[in-house]
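Contents: one structure, followed by commentary.
The values are calculated or read from the model by the stated rules, or taken from the named source; none is laboratory data. Just so it is clear, the structure is predicted and the values come from calculations on it, not from any experiment. Reconstructed Cβ throughout: ideal geometry from the backbone, glycine too, with neighbour counts over all protein chains shown.
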Protein chains: 2
Amino acid sequence: MIEAVDAWLAAHRQRLLDELFAFIRAPSVSTDPAYAEGMRQAAALLEGRLRRIGLDNVRLLDGGGHKSVYGEWLGAPGQPTILVYGHYDVQPPDPLELWETPPFEPTLRDGRIHARGASDDKAPLWIAVSAIEAWLAVAGRLPVNVKLLLEGEEEVGSQSLPAIMAAHRDLLAADVLISADGGRWRPGVSSVNTNSRGLVALELTVRTAARDLHSGRFGGPVGNAPMALARLLASLHDERNRIAVPGFFDGLQRPGNADIASMHALGFDEAAFFSEIGARPGAMEPGVSLLESLWFRPTLEVNGIAGGYDGPGGKTVIPCEARAKISCRLGPGQAPAQVANAVDAHLRAHCPDWVELEISHERKGTAAYAVPEDDPYLAAVERVVERVHGAKPLRVGVGGTLPISAMAKEMLELETVMLSYAIADERIHAPNEFFRLSSFDEGLAAWARLLPELVRA
Amino acid sequence: MIEAVDAWLAAHRQRLLDELFAFIRAPSVSTDPAYAEGMRQAAALLEGRLRRIGLDNVRLLDGGGHKSVYGEWLGAPGQPTILVYGHYDVQPPDPLELWETPPFEPTLRDGRIHARGASDDKAPLWIAVSAIEAWLAVAGRLPVNVKLLLEGEEEVGSQSLPAIMAAHRDLLAADVLISADGGRWRPGVSSVNTNSRGLVALELTVRTAARDLHSGRFGGPVGNAPMALARLLASLHDERNRIAVPGFFDGLQRPGNADIASMHALGFDEAAFFSEIGARPGAMEPGVSLLESLWFRPTLEVNGIAGGYDGPGGKTVIPCEARAKISCRLGPGQAPAQVANAVDAHLRAHCPDWVELEISHERKGTAAYAVPEDDPYLAAVERVVERVHGAKPLRVGVGGTLPISAMAKEMLELETVMLSYAIADERIHAPNEFFRLSSFDEGLAAWARLLPELVRA
């Protein structure tokens, strides 16, 4: 049967790609209300596709924010039910001027699809849906029961997914969640993701006066907001690049022996890692390995700063306000709220009297997640990956955050197994994001094989 | 004769104001090339006016940047020649959203003209020209010889004025420079400016990678540009708010006894100073008085910072670049180039290996200036101010920078005496800049009286 499915996928490859391109063209930026229409387009397009390929009970699930798209096929009694996860929202495209081709016009170049969301997560999601379409077209049925949950808020922390899960506990009941989000390690390396970091975000605004002031007429006695912000941000790490916030590391677990063995087995080329991104080493806290730093250690990043004049030439002004967006990746064992509160308390403790400090906690946050080492669905995914790629996969961390994992565990009692065909170097969240066309074919082969692999003996 | 001049000014007041409003409407932002047309408009408008009121040899002087407007009346042989100075360029209007009325549409509200450039320096300049017009209209001549130099680059450090002075040394020869730029201390306080601070500016850019990076996929081993910038900026002051740059204070002189006496005499209300601008005390270096800090101490300000994402919501990105604009006000005795080099060297010394640092020195810089205590033209200005305001003026610092003063001294061997009718609280360089209509009338009275006051006995 798999030969017929493979043949169907080969015959319909161009149509599947054309439809993927149309999906990518919908500018579905979830964080910015200016893109509301793009969000609606992308959801409607997905909903239409799930209906067309023959899924049942296709509907939008509303949790108060951007809706999730749901569909199911439950015609395999006695077989497991998998909940397939992906997201149709994408990151903002700015800075626009750095894109070689328009972010929402997918462009095929050097065997790569260039576009915002191509890799994160539109093509990987499209692969999973296309494998399901192929099985339904060829066999008229699926080997196992399948539910799809395709959300529109992954890039803003899956904010209304808990409400959707709470309202649709039975609808979403399954044996395992299989995520089309996540990512492979490197081209040519057989790998599966088994853990991800958590995330929590804060925004801070400092004010030092009621209005911008002339730096000559007022400079000296009066505080400077960008300078005050700079000092607060500088206080967050010590001189060895280690996070200096009391309580920040509470509960953090170091990687286990199996993880450490896997990191050693990867034979990681640190020089290539830095040269690929045009960065220099030296910014990492001492005493941890690079892969541990990427997959298991928490971070405290400034995602953006702004304040005062940034136009051409100069402006001799004392800016009265400055802002920073901060986010932290979390390691295993850290509680998001505890981390946010620790950063908040540290900033307030370091804020001088002459600065008015406002801190907003943007999201509830997401804890780190790791699938149990002996999970049977993980074993099935590993067998399929080994078959498609000809090598037993290494278990790797994803570094990023899949809010779904912690939520599915907490609210639906599901473990998460990842089978994504993104690769970690595809300029995700940055200008000129791309997805490899070769991954499209590999992904279709793997997802088409996964469904029969999950059948109970 | 002065009664006839006063009467003429009263009779023509509305027309003079209407013309001032037209002058303000020309959006003459010198720092931003997008305003090139506004700069040309303002210069053409001034040139036309100088011709119309009867000045001779009216022309534009080209030093490679925005042109200066020149005109003269030299029909008083044996009498002193004064070089009247003002500038027709203004600061950028942003942030635009904070203006109550459009920045380039002068709006009369509560006896104040609200507009960018109303106070700095279009109305004060207009006052000087109008007093000259009145004398020429009423008497057919001026009591002393007058030259006008109205430049278009004050807000960008008078960059091409040295070239103009070098090329037109004879044309600009005079006995004293009288500046319509500067400012009075407070409404109701009789004052003249006798010193100003210097200025030097730098721009820095830090880069940590070739592109923005996903904070999950790369966070940990890789540096963060806004954070690196924050640490560099934070290193510029110590924990007591004192500038921590080695060599920064080299050559700085403390205020003299006469200056200290004048500061005491002002009976300065520090609480009112802070409450007026909505700021809190505590940001000033210890051991200096507030007025000394404003008029004689150097500063190191951040005029703007930018880097990464500043849109709605969040973006989990490691920005690869961040920028800051820095400027320093200079106290008496400091050399601008030495200060810029000291800041440059400090930043480079504090820059870690993983950060690429680029520093551009934006301008040549301007030294601080003080008119000699016994200058006879200063004495004449003080007599006129005492007559118009009914009280002997206090000598006050201007805090800001008049590049013209140091340049006129160096290149034309002229001292600078200031007679400006701006007041220090008129939101200069900030949204909702304004100029008091009452100052317009006071200024006309003072400038009309200054011309005969300068006649040699």
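What the table shows:
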item: In the range B:162-181, the residues that are surrounded by fewer than 15 Cβ atoms within 10 Å (Cβ to Cβ) and either part of a loop (DSSP other than H, G, I, E, B) or not assigned by TED's automatic domain parsing to the domain that holds B:N57 (or both); result: B:R169, B:D170, B:A173
item: Members of the range A:219-236 found to be within 7 Å of chain B (Cβ to nearest Cβ), within 25 Å of B:I423 (Cβ to Cβ) and touching a residue at least 40 places away in the same chain (Cβ under 8 Å), listed by number; result: A:G219, A:V222, A:G223, A:N224
item: Single condition A:L108 does not satisfy, out of (1) more than 21 Å from A:S179 (Cβ to Cβ); (2) part of a helix (DSSP H, G or I); (3) touching a Leu at 6+ places or on another chain (Cβ under 8 Å); result: (2)
item: Filter result for the condition that a residue is of a type in the set (A, V, I, L, M, F, W, C), modelled with pLDDT of 95 or more and surrounded by 21 or more Cβ atoms within 10 Å (Cβ to Cβ), over B:L412, B:L402, B:L330, B:L357; result: B:L330
item: Test: residue in the range A:251-266 that is in a loop (DSSP other than H, G, I, E, B), of a type in the set (A, V, I, L, M, F, W, C) and at pLDDT 95 or above; result: yes
item: From the options A:K325, A:K315, residue that is buried (at least 20 other Cβ atoms within 10 Å of the Cβ) and not in a loop (DSSP other than H, G, I, E, B); result: A:K325
item: Helices (runs of 4 or more DSSP H) (entirely within the range A:344-457) containing at least 3 residues that are under 19 Å from the mean Cα position of the chain (by Cα) and either closer than 27 Å to A:L291 by Cβ or aliphatic (A, V, I, L, M) (or both); result: A:403-412
item: Number of the condition not met by A:A306 [criteria: (1) closer than 30 Å to A:I260 by Cβ; (2) part of a strand (DSSP E or B)]; result: (1)
item: Test: residue in the range B:99-115 that is under 14 Å from the mean Cα position of the chain (by Cα), crowded, with 24+ Cβ neighbours inside 10 Å, within 27 Å of B:R15 (Cβ to Cβ) and modelled with pLDDT of 95 or more; result: no
item: Identity of the residue in the range B:51-90, without any contact (Cβ under 8 Å) to a residue 40 or more places away in the chain and among the charged types (D, E, K, R), that ends up farthest from B:E413 (Cα to Cα); result: B:R52
item: Residue check, A:L291 part of a loop (DSSP other than H, G, I, E, B) and in contact (Cβ under 8 Å) with a residue 60 or more places away in the chain; result: no
item: Every residue from the range B:182-223 that is part of a strand (DSSP E or B), of a type in the set (A, V, I, L, M), more than 25 Å from A:I318 (Cα to Cα) and modelled with pLDDT under 95; result: B:L213
item: Pairs where the first residue, in the range A:30-42, is touching a residue at least 40 places away in the same chain (Cβ under 8 Å) and the second is outside any loop (DSSP other than H, G, I, E, B) and among the aromatic types (F, W, Y), C-beta under 9 Å, 6+ apart; result: A:A42/A:F23
item: Some residue of the range A:320-338 being acidic (D, E), in contact (Cβ under 8 Å) with a residue 40 or more places away in the chain, closer than 27 Å to B:L96 by Cβ and not assigned by TED's automatic domain parsing to the domain that holds A:E155; result: yes
item: Of residues in the range A:38-57 being crowded, with 18+ Cβ neighbours inside 10 Å and in contact with a strand residue (DSSP E or B) (Cβ under 6 Å, 6 or more places away or on another chain), the one farthest from A:Y88 (Cα to Cα); result: A:L55
item: Answer residue from the range A:255-269, given it is within 23 Å of the chain's Cα centre (by Cα) and within 14 Å of chain B (Cβ to nearest Cβ) and is nearest to A:S196 (Cα to Cα) among those; result: A:P255
item: Residues (at the interface with another protein chain (Cβ under 7 Å from one of its Cβ atoms) and not in a loop (DSSP other than H, G, I, E, B)) located in the range B:294-303; result: B:L294, B:E301, B:V302, B:N303
item: The range A:205-217: number of residues that are crowded, with 23+ Cβ neighbours inside 10 Å and more than 7 Å from chain B (Cβ to nearest Cβ); result: 1
item: Filtered residues of the range A:111-125 (kept if in a helix (DSSP H, G or I) and hydrophobic (A, V, I, L, M, F, W, C)); result: A:A118, A:A123, A:L125
item: Number of positions in the range A:284-305 that are surrounded by fewer than 24 Cβ atoms within 10 Å (Cβ to Cβ) and either touching a Phe, Trp or Tyr at 6+ places or on another chain (Cβ under 6 Å) or within 18 Å of B:P95 (Cβ to Cβ) (or both); result: 1
